[in-house]
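Written below as structure tokens is the structure these notes are about.
The values are calculated or read from the model by the stated rules, or taken from the named source; none is laboratory data. Note that the structure is a prediction, hence the values are computed from the model and not measured. Quick reminder, even Gly has a Cβ in these numbers, built from the backbone with ideal geometry, and neighbours come from all protein chains shown.
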Amino acid sequence: MRRTVPEGHGHGPVRYGPSALPDDGLPVLPELCEALAAAAGRRQDRPIGGAAALLDAAAGHWARRGLATRPERVAAAPGAPSLLLALTAALGGDVLVPRPCAAWWAPSARLLGRPAFSVATPAGSGGVPDPYALLETVCRVRAEGGDPRLLVLSVADDPTATVAPPELLHQTVEAAAGEGLHLVADETWRDTVHAPHGTVLLSPAEMLPERVTVVTDLAGAFLPGGWPAALARFPAGATGDALHARVLDVLTALDARIAEPVAAAAAYALDEPAPVTARRAATVRLHARVARALHAAVVGAGALAPPPQAGRHLYADLGPLRPALTALGVGDAQELEDFLGARLGIAAPGGHRFGDGLGALRVRLSCADLLGGTDEERAACLTCPDPLELPHPRSALISLRSVFDGLRDDAR
């Protein structure tokens, strides 16, 4: 049974640690800064799990997305990893994750001494595992004496930047329900779909409301990454009530509360006033444009990558360029990460950080790295009709194409 813990190959375990969420690379929205500054003088501690204003805003956020939510079924924490850690501790048992998956999912299980088993994911299907592979994995884990209880998945995915089709999601949710699994749906990237009118995105909570907990990290579409805040929406009923209570117990033990200024900014953003929605729409358009250019450059050089549908990143497979990379001393994902980091001057986390095999030459590329080196350069990208014609993005894209085209020519 293949677990998500990488092995050996001369690299220390710390280097397999979580990779940060792809940043948007843009200046912070001024209205968010004002909301945060207005709360900076408040000294009182807010309750674990979030104060009323934040929970009400979260309930409204989900209601506008078709998920009726009561504030008492929501919990807030300083970042999605702390919520997933609390959920994993509360549910007990073994954890199942798709392969590849977000880098921060499996460490929660490892920290608690729980196995995290990876399940194959169809190409271009977000972070939703193949239903037949899921059933086979559950059967094997149980046959080996394991106790699978939790499946973590995402419809709009990091690292692959793809969105799972509703048909596959429905089959996987049904398979998980049949095996008695609880689902945690990571919807961090739900509001970053590039073509919202042409992409059908359904939440697992719409299909299996009594067994799905939705988690969203607000760094995906609402807050800067350095302002940690995340939300969990628990299912209705006795099972959801009990899980909510256990999660709050874990968060209390960790003293995992959101800083009051960040909570105020989060509540403002979740109410979705005009400045927030306008910035989000502009940001999604910008990253969709950059992601398409990244995809064209990577595929044009002979590498493989699913067309990006959400987020601000691209997941590339440089396997077809292996001969050229081998000649340069690059034989695995960690060496590829180091190589591209040095050649491009950007962070390029390898696929081993997302549960893929170390030997696979996969890497996640971030759109933000092409936008500019200063706030002024990056802000200009938001308003320019063709941001890739601006000096810094144009130069960065030319540099990236040069590196990839050189690998293609060497491979030939």
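Figures for the structure shown
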read-out: Matching residues in segment 391-401 - criterion: being surrounded by fewer than 17 Cβ atoms within 10 Å (Cβ to Cβ), without any contact (Cβ under 8 Å) to a residue 24 or more places away in the chain and within 17 Å of A291 (Cα to Cα); value: R394, S395, I398
read-out: Residue in segment 290-297 that is assigned to a helix (DSSP H, G or I) and either under 18 Å from A58 (Cβ atoms) or touching a Ser or Thr at 6+ places or on another chain (Cβ under 6 Å) (or both) present; value: no
read-out: Breaking point among (1) in contact (Cβ under 8 Å) with a residue 24 or more places away in the chain; (2) assigned to a helix (DSSP H, G or I), for A59; value: (1)
read-out: Members of segment 310-347 that are buried (at least 23 other Cβ atoms within 10 Å of the Cβ) and under 30 Å from P196 (Cα atoms); value: A310, G311, R312, H313, L314, Y315, A316, L318
read-out: Any hit, segment 220-234, residues being out of contact with any Phe, Trp or Tyr (no Cβ under 9 Å at 6 or more places or on another chain), surrounded by fewer than 19 Cβ atoms within 10 Å (Cβ to Cβ) and not assigned by TED's automatic domain parsing to the domain that holds S366; value: yes
read-out: For P235: the one exception among (1) in contact (Cβ under 8 Å) with a residue 12 or more places away in the chain; (2) part of a helix (DSSP H, G or I); value: (2)
read-out: Check on V163, under 21 Å from the mean Cα position of the chain (by Cα), in the same structural domain as S108 (by TED's automatic domain parsing) and at pLDDT below 95; value: no
read-out: Residues of segment 95-111 that turn out to be in contact with a strand residue (DSSP E or B) (Cβ under 8 Å, 6 or more places away or on another chain) and surrounded by fewer than 24 Cβ atoms within 10 Å (Cβ to Cβ), as a count; value: 2
read-out: Matching residues in segment 348-359 - criterion: being assigned to a loop (DSSP other than H, G, I, E, B) and over 16 Å from V298 (Cα atoms); value: G355, D356, G357, L358, G359
read-out: Meets criteria (within 19 Å of D186 (Cβ to Cβ), in contact (Cβ under 8 Å) with a residue 40 or more places away in the chain, in contact with a strand residue (DSSP E or B) (Cβ under 8 Å, 6 or more places away or on another chain) and in a helix (DSSP H, G or I)) for V284; value: yes
